[in-house]
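Structure, as structure tokens:
The values are calculated or read from the model by the stated rules, or taken from the named source; none is laboratory data. Since the model is a prediction, treat every value here as computed from it, not as a measurement. Every residue, glycine as well, gets a Cβ built from its backbone with ideal geometry; the counts of neighbours run over all protein chains shown. Ligands, DNA and RNA are stripped out before the accessible areas are found, and what is left, the full protein with its side chains, is counted by its heavy atoms. Shrake-Rupley method; radii C 1.70, N 1.55, O 1.52, S 1.80 Å.
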Amino acid sequence: MAIQKGALIGCGFFAVNQMHGWRDTEGARIVAICDRDPARLRAVGDEFGITRRYTSAEDLFADGGFDFADIATTVRSHRPLVELAARYGIPTICQKPIAPTMEDAKAMVAACAEAGVPLMVHENFRWQSPIRAAKAAIDSGAIGEVFWGRVSFRSAYDVYSGQPYLATGKRFIIEDLGIHALDIARYLFGDVASVTARTRRVNPRIVGEDVATMMLDHRRGITSVVDCSYATRLPVEPFPETLLEVDGSKGTLRLSQGYRLHVHSRDGTEVTDVEPRLLPWASPPWHNIQESVSLIQQHWVDCLRAGREPDTSGRDNLKTFALVEASYRSAAKGKTVPVEEFLG
């Protein structure tokens, strides 16, 4: 079967993980890279042996010779790059958040639909193997009908040293981290009708919010709480683990710190170690996220081959991005906000 050739646009902090992931992906390889910074371009090109290097995305697409593009740039450049790819008929992966505004996000999805090319958002948290294991346990019916859940990511890890731009934006934790937790809530509990959110800035050296709590009313009648913090100091730092609590009619599920999955039912309690694989290029504590990068990229290639829409397609991701927008509006207005206001 033919190898899918890819071009990576953006050689920054997280893109190195994606390059490693592409090396592991069956049926794909990166043949060209692009970045406006010659130093970053040289560093990534030398490390991964990529000779085709561009400082201009327009030149990259004009030269062609690849089957898909992986856009790993910051959010302001996503719409012009995705629309550029659509004009050239190139299937595209876009880093999260998909866009700075819902208007931009809808325009990107429409551009790819009109061009007849797939668009997938790199929403990798739902691809973490502990989250997948929790989903499988829920779907097995072991805890019965779910009626309540919690998705929690609380940490004091210094994310600013590696990504200093995170400290400068008016929007921070919901847009950067909460979007992942909100997508996990959708993945586990279904789509959402309304959101009630509260935010706070604890760290005085940043501009945006570093604590957020969101209550989601899911269309299936489930209530969930999504809480995120980069201001929570704990005896054992849990970064970058997402913890889960799920209550059902027949039992409960807990994904606790240290990747322990507890499934309790009338038959007793089963505890499973669901720690992710430590890939040869990965390093703790990042190995959870690094493995999920490899898994979502394999999903992308498998979908291209099968002509199937990816699970985190641009169309699907509009529903997750709508939760981000609804959360910010709810926090600003102090009231519950219908999600449909952003999807209509």
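Table for the structure above
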read-out	value
Over the chain: helical MRE at 222 nm, DSSP H runs n ≥ 4 each giving -39500 (n - 2.57), nearest 500	-10500 deg cm²/dmol
Translational diffusion of region 153-280, µm² s⁻¹ [Kirkwood Rh, Cα pairs; Stokes-Einstein; 37 °C; 0.692 mPa s]	203 µm²/s
Förster radius 41 Å - calculated FRET efficiency between ALA39 and ARG198 (Cβ-Cβ, nearest 0.05)	0.50
Most mobile of THR320, THR272, THR213 in a GNM of the chain (Cα contacts under 10 Å)	THR272
Spin-label model distance (nm) - PHE13 vs SER129, 7 Å beyond Cα toward Cβ	2.6 nm
Proximal lysines relative to LYS250, as straight alpha-carbon distance under 29 Å, when same-chain residues fewer than 8 apart are discounted	LYS135
Gain on full stretching of the segment that runs from ARG52 to LYS333 - 0.36 nm per residue minus C-alpha separation	96.2 nm
Per residue value of the accessible surface for region 15-90 (all protein chains in place, 1.4 Å probe), Å²	47 Å²
Where the Cα pairs of region 1-96 fall when distances are cut into 5 Å bins, in %	3, 14, 29, 28, 19, 7, 1, 0
Carbon and sulfur %, accessible surface of the chain computed with the full protein complex present, 1.4 Å	50 percent
Cα centroid separation, region 167-185 to region 190-258 (Å)	11 Å
Under 20 Å from LYS96, Cα to Cα: lysines that are on another chain or at least 8 residues apart	LYS106, LYS170, LYS319
Quotient of C-alpha Rg and 2.2 N^0.38 Å, computed over region 252-344	1.52
Acute angle (nearest 10 degrees) that the helix 78-87 long axis makes with the longest principal axis of the chain, alpha-carbon atoms	50 degrees
Shape category assigned to region 283-336 from the gyration tensor of Cα positions, a/c cut at 1.5	oblate
Dimensions (Å) - the chain, Cα atoms, principal axes, largest first	60, 43, 40
Peptide ranges 59-65, 265-271, 200-206, 81-87 listed from the most packed, as the mean C-beta count within 10 angstrom indicates	81-87, 59-65, 200-206, 265-271
Efficiency of FRET from Cβ geometry, LYS170 and GLN257, R₀ 41 Å, rounded to 0.05	0.85
ALA62/LYS319 FRET efficiency (R0 41 Å; Cβ-Cβ; nearest 0.05)	0.75
Theoretical gain in end-to-end length, GLU103 to VAL236 [0.36 nm per residue, Cα-Cα removed]	43.8 nm
Computed label-point distance, nm, for sites SER283 and VAL271 using a 7 Å Cα→Cβ extension	3.1 nm
Probe 1.4 Å - accessible area at GLU341, Å² to nearest ten	110 Å²
Length released on extending from TYR88 to LYS5, taking residue separation times 0.36 nm less the Cα-Cα span	28.4 nm
